[in-house]
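The values are calculated or read from the model by the stated rules, or taken from the named source; none is laboratory data. Bear in mind that the values here come from a model prediction, so they are computed numbers and not experimental data. Backbone-built Cβ (ideal geometry, glycine too); neighbour counts: all protein chains shown.
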Amino acid sequence: MMLLTLSTYVLGKMGLTGITVVLLLLLTTLIKGGLIIRDFMGLQGVSLLWRVIMYGWLTVVCLAIGITYIISI
Amino acid sequence: MTNDINIEPKLLPGDLAIWFFIFMELLVFGIFFIVYAVMRIQNIEIFNQYQLTLNRELGAANTLLLITSSYFVVRAVQAIRINNVKSCIYWLYAALAGGMGFLILKSFEYSDKFSEGINLSTNIFYMFYLSLTMFHFLHVVLGMLILFAVVLKAKGGAYTAQNHTGVETGASYWHMVDLVWIVLFPLVYIIR
């Protein structure tokens with residue numbers, strides 16, 4: 001997660017833009033968020049409902065952000 | 001003879017009530033994030049221009065601090081699960097130090113902006129930047145208060161390997177605070 005955070009920072013520092021960069025950054029966010037939900041929050045193995053809510057939140061938010069950024073490019 | 005293997009899903013860690021609170025908080029933040037992204041479409045130049053004035057180094061440092069702090073909370077929960085109360089308390093103190101570090105860096109960031117005369121009515125980007133991050137800041141403060149309450153109860157012998165729901169409850173809230181920042185940092189500071 002540290003490496004993913006540093007990669008996000010480096011991409012930002014380089015000032016890169018474009019759909020590919022946006023999608024890469026959102027993918028990074030999805031992975032980090034997923035790791036927090038599964039490993040830190042300990043939701044692996046809990047009822048499907050709770051996992052759907054948590055992963056669903058992360059996915060919907062990242063998807064919505066991605067769509068708005070793609071529209072704006 | 002049939003073998004019926006029924007694997008029961010494990011329970012959510014901590015109190016169920018905190019999870020409803022977490023879901024509500026995530027809903028609010030989620031809406032906030034999406035509104036930010038939508039408003040950006042209508043004000044692309046302003047968002048792109050003023051995003052560059054943000055301190056990405058502090059934002060990245062804060063992300064590392066919160067991730068590390070969350071990791072310490074995980075260690076605290078692991079410690080109490082094997083009845084190591086002292087270790088649990090030390091890990092929680094370490095997590096609190098990470099949270100304090102976050103608040104200090106954020107305060108420097110705000111001080112920098114406020115000294116330049118930037119406030120909620122400067123422009124739409126700063127309105128979102130300040131309100132989003134300040135809303136999150138308040139959640140970090142609340143999360144630290146919760147963790148500190150857990151520390152005090154742990155010191156009083158309230159938690160054991162058999163009974164540590166309170167520790168898991170506090171941990172779950174703290175991880176939510178971290179999760180929100182994981183989305184907020186790239187959204188507000190990086191993606192353009």
Among (1) out of contact with any Gly (no Cβ under 8 Å at 6 or more places or on another chain); (2) without any contact (Cβ under 8 Å) to a residue 60 or more places away in the chain - the single one B:PHE125 does not satisfy:
(2)
Name the residues in segment B:113-123 that are assigned to a helix (DSSP H, G or I) and surrounded by 17 or more Cβ atoms within 10 Å (Cβ to Cβ), would you?
B:LYS113
When both residues are 6+ apart or on different chains and their Cβ atoms are under 6 Å apart, which pairs have a first residue that lies in segment B:70-92 and is within 11 Å of chain A (Cβ to nearest Cβ) and within 21 Å of B:PHE102 (Cβ to Cβ), and a second that is part of a helix (DSSP H, G or I) and small (Gly, Ala, Ser)?
B:PHE72/B:ALA94; B:PHE72/B:ALA95; B:VAL73/B:ALA95; B:VAL73/B:ALA171; B:VAL77/B:ALA171
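Take B:SER87 and decide whether it is surrounded by fewer than 19 Cβ atoms within 10 Å (Cβ to Cβ), modelled with pLDDT of 95 or more and among the polar types (S, T, N, Q).
yes
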Tell me whether segment B:154-167 contains one or more residues that are surrounded by fewer than 17 Cβ atoms within 10 Å (Cβ to Cβ), out of contact with any Pro (no Cβ under 9 Å at 6 or more places or on another chain), in contact (Cβ under 8 Å) with a residue 60 or more places away in the chain and among the β-branched types (Val, Ile, Thr).
yes
Failed item, numbered, when B:TYR129 is tested on (1) away from chain A (no Cβ under 14 Å); (2) under 19 Å from B:ARG56 (Cα atoms); (3) surrounded by fewer than 22 Cβ atoms within 10 Å (Cβ to Cβ)
(3)
Residue by residue through segment B:33-58, note down the ones that are facing another protein chain (nearest Cβ under 8 Å) and surrounded by 16 or more Cβ atoms within 10 Å (Cβ to Cβ).
B:PHE33, B:ILE34, B:ALA37, B:ARG40, B:ARG56
Looking at segment B:154-190, which of its residues are assigned to a helix (DSSP H, G or I), within 25 Å of B:LEU11 (Cβ to Cβ), of a type in the set (A, V, I, L, M, F, W, C) and more than 10 Å from chain A (Cβ to nearest Cβ)?
B:ALA154, B:VAL167, B:VAL177
Name the residue that is nearest to A:TYR9 (Cα to Cα), counting only residues in segment B:13-32 that are at the interface with chain A (Cβ under 8 Å from one of its Cβ atoms) and not hydrophobic (A, V, I, L, M, F, W, C).
B:GLY30
Inside segment A:1-50, can you point out the residues that are charged (D, E, K, R) and more than 9 Å from chain B (Cβ to nearest Cβ)?
A:ARG38
